[in-house]
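Enquirer: Mind looking over this structure? Questions follow.
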Amino acid sequence: MLVIRNLSAGYGDTQVLWDINMDIKEGEIVALIGVNGAGKTTLLKTLMGLVTPWSGSVTFRGQEVGGKDTYHMVKQGLNMTPQGRWLFAGMSVEDNLLTGAYLRRDKEIKQDLARIYRLFPRLGERKHQSAGTLSGGEQQMCALGRSLMSRPVLLLLDEMSLGLAPIVVDMLLDLVAEIRRQGTTVLLVEQDVEEALRRADRGYVLEGGRIVMSGTSSDLLSSEKLREAYLGL
Amino acid sequence: MKRQRNMFLAACVLLLALCIPPLTNDYIVQVGTEMAMYAALAGGWNLIGGLTGYPSFGNVAFFGLGAMLAGALSVNAHWPYWLAAIASVLGTGVFALLLGLPLLRLKGHYFSIATLALAQATLAVVTNTKFLGGGMGMSLPIVGSPGIFYYVMLSIAVLSALITYLLIHSEYGNTLLAIKSDEVAAQAVGINTVLAKSSAFALSGLLGAMAGVVYAIWQSYIDPPTVFEPSITVLMLVMTMMGGAGTVAGPILGAVLIGILTQLAMAVSQNASSLVLGLGIIAVVLFLPKGIMGSRRSGKGGKRRGKNTFPLRG
């Protein structure tokens, strides 16, 4: 579904991503792991067109999309739930969710909204409240709900766990399987290596802007090198 | 209920405004025309500065270009004024749209400074273009009566408020609000932010040009330094901020209040008017950071978050 070949990108004169190669197949949950500053968020932003690639190619569902505008990517079915949530603080929860369906013109938006409220009853209780007044966990739910409102084909989840209580993180990560069941492929970006790999089929390890390791989750979890570097075992 | 009350209030204000020429004297009508002009200009500024969150310091460029272009087309190209006016307004709109594309890539102070430069650059170009009247300025034929110009300016002010009202209650208005609240998030949900911002800037330019076109024929003499006077932009900004940025009534309220204040101060002394304006600005910033209408509004809207304005690093 998503094929990344020799992708390089950065900001200004600073190169952040070096020669990235990745493949994501339909229906997969793929984990992208790495420490702070490894380039995980930059990679996602490049895929979304928020950062312009320097070289290399990105093919999404058979179409070359590298360097296309963000709204074009969203139209193609790519969506990102950003780290730090980026909610529209001045708008109500419901309006935030509805902006997720911004490019949709079908009649099932109301239905999907009801689905989101079933998935996150807390959002339903607070739908008229300004999004800026939500707690961290609720904001993350709102951001995830907003992404789902676009009916993404491929969802990029950027560090949902950031600054959240473990119990909320667990609940959100458990939802990833549910999201896949509903037909969305997921690229899960996490710092919590074990939690991420336990829920993914495969994983890529990003270090210093390069992919240094990849494989199935079980392979990665049992890899000596990874256990040493990330799990401290 | 609240909507009906607001509509009723708007109708009352409009009725009152319509009664001014037959019931008062030329002086009041003259002041009223100016207030209506500023209400239209501030309303136009509000579209980009208030609704979209891009404080432009160069909106006078549209006012000035609108006035000079209409004047030139009518005096130098001998077009009938109505045709010159339409061409000038449309031309200025396109000018705003095209310049918006690069300018609106800048954010915050950078955008403000660039628009300030835009106004000065437009002034320089107009001053050095012979067809546009150059530094000499232009005399237009004297037509109409004070009452007519009052009603025309008032119509533009009403149009400006109407556009704002329709925008706020439309999906496009929500798009602009999304951009104001978090532009990267707006991009991430699929909004073509460049197009949305540029069209808001163009609408702002259209309204500015309309006021300029009428100003030119009303004053019957125009020259670049007058119609490109930077303080015109400052007034648009202050009026909108005082009345309430992002609201329908805010720019009108601000234009009327500043208009009255200026007249009162002028009655005391010519210099006092700048003093009053200055004190007014300080008072607004200190006591009514969201403006008069903005402070009344509660619930919807809420605080804009201060931190994390540049979430692009990561």
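Enquirer: Please give every one of the aspartates and glutamates within straight-line cross-link reach of B:LYS180, meaning a C-alpha to C-alpha distance under 19 Å, and leave out same-chain neighbours fewer than 8 residues apart.
Expert: A:GLU94, A:ASP95, B:GLU171
Enquirer: Express the Stokes-Einstein translational diffusion coefficient of region A:145-231 in µm² s⁻¹, to the nearest whole number, given a Kirkwood radius over alpha-carbon pairs, 25 °C and a viscosity of 0.890 mPa s.
Expert: So the translational diffusion coefficient is about 177 µm²/s.
Enquirer: As a test of the formula, what do you get for chain B when each DSSP H run with n ≥ 4 contributes -39,500 (n - 2.57) and the sum is divided by the residue count, at 222 nm and rounded to the nearest 500 deg cm²/dmol?
Expert: -23500 deg cm²/dmol
Enquirer: Looking at chain A as a GNM with Cα springs under 10 Å, which of A:ASP106, A:ASP23, A:ASP201 has the largest mean-square fluctuation?
Expert: Taking springs between Cα atoms under 10 Å, the residue moving most is A:ASP106.
Enquirer: Right, another one. When only Cα pairs under 8 Å and 6 or more residues apart are kept, what is the percent relative contact order across chain B?
Expert: 30 percent
Enquirer: When only Cα pairs under 8 Å and 6 or more residues apart are kept, what is the percent relative contact order across region A:38-175?
Expert: Relative contact order for region A:38-175 comes out at 30 percent.
Enquirer: Are any of the pairs A:LYS25/B:LYS197; A:LYS40/A:LYS107; A:LYS107/B:LYS290; A:LYS40/A:LYS75; A:LYS68/A:LYS110 more than 26 Å apart by Cα-Cα distance, and if so, which?
Expert: Result: A:LYS25/B:LYS197; A:LYS40/A:LYS107; A:LYS107/B:LYS290; A:LYS68/A:LYS110 exceed 26 Å.
Enquirer: Before rounding to the nearest 500, sum -39500 (n - 2.57) across all DSSP H runs of length at least 4 in chain A and divide by the residue total; then give [θ] at 222 nm in deg cm²/dmol.
Expert: For chain A, the value works out to -10000 deg cm²/dmol.
Enquirer: Distance between Cα centroids, region A:18-67 to region B:5-22: provide it in whole Å.
Expert: Answer, in whole Å: 58.
Enquirer: With charges only on Cβ, +1 for K and R and -1 for D and E, what is the dipole size of region A:89-151 about its Cα centre, in debye, rounded to 20?
Expert: 200 debye
Enquirer: I've got another one for you. In square nanometres and to one decimal, what's the mean projected area of the convex hull around the Cα atoms of region A:186-233?
Expert: Quarter of the Cα hull surface area: 3.2 nm².
Enquirer: Counting only protein heavy atoms and using a 1.4 Å probe, what share of the accessible area of the protein assembly as shown belongs to carbon plus sulfur, as a whole percent?
Expert: On the protein assembly as shown, the fraction of accessible area on carbon and sulfur atoms equals 63 percent.
Enquirer: What's the percent breakdown of Cα-Cα distances in the protein assembly as shown across 20 Å bins, shortest bin first?
Expert: Histogramming the protein assembly as shown at 20 Å steps yields 20, 44, 26, 9, 0 percent.
Enquirer: Not counting the cut sites, what is the longest span of chain A without trypsin sites (Lys or Arg not before Pro) that DSSP labels loop and that have at most 12 other Cβ atoms within 10 Å?
Expert: After excluding every exposed loop site, the longest remaining stretch is A:108-233.
Enquirer: Any idea of the accessible area per residue across the protein assembly as shown, 1.4 Å probe, to the nearest Å²?
Expert: In whole numbers, the protein assembly as shown has 45 Å² accessible per residue.
Enquirer: Rg/Rh for region B:1-156 to two decimals, with Rh computed the Kirkwood way over all alpha-carbon pairs.
Expert: Reported Rg/Rh (Cα atoms, Kirkwood Rh): 1.02.
Enquirer: Please list, in chain and number order, the residues 5+ apart from A:TYR204 or on another chain whose amide H is under 5 Å from its amide H, with Hs placed from the backbone.
Expert: Here A:ALA31, A:LEU32, A:ILE33 satisfy the definition.
Enquirer: Further question: Taking trypsin sites (Lys or Arg not before Pro) as exposed when DSSP calls them loop (any state but H, G, I, E, B) and at most 12 other Cβ atoms lie within 10 Å, what is the longest stretch of chain B free of them, the sites themselves excluded?
Expert: B:131-299
Enquirer: How long is region B:114-199 along each principal axis, judged by its Cα atoms, biggest number first, in Å?
Expert: Its Cα atoms span 52, 34, 17 Å along the three principal axes.
Enquirer: May I ask for the Rg/Rh ratio of region A:1-123, computed from Cα atoms with Rh as the Kirkwood radius, given to two decimals?
Expert: Radius of gyration over Kirkwood radius for region A:1-123 works out to 1.00.
Enquirer: Run through all the Cα pairs of chain A and give the fraction in each 5 Å bin from 0, expressed as whole percent.
Expert: For chain A, the pair-distance distribution reads 1, 7, 15, 18, 20, 17, 12, 7, 3, 0, 0.
Enquirer: So what's Rg/Rh here for region A:89-151, counting alpha carbon atoms and using the Kirkwood radius for Rh?
Expert: Reported Rg/Rh (Cα atoms, Kirkwood Rh): 0.94.
Enquirer: Moving on to the next point. Please grab the % of Cα pairs in chain B that end up more than 28 Å from each other.
Expert: 39 percent
Enquirer: Right, something else. Report, in whole Å, the centroid distance computed from the Cα atoms of region A:107-150 and region A:171-210.
Expert: 21 Å
The values are calculated or read from the model by the stated rules, or taken from the named source; none is laboratory data. What you see is a predicted model, and the numbers here were worked out from it, not measured in a lab. Reconstructed Cβ throughout: ideal geometry from the backbone, glycine too, with neighbour counts over all protein chains shown. Note: areas computed on protein heavy atoms with side chains; ligands, DNA, RNA excluded. Shrake-Rupley method; radii C 1.70, N 1.55, O 1.52, S 1.80 Å.
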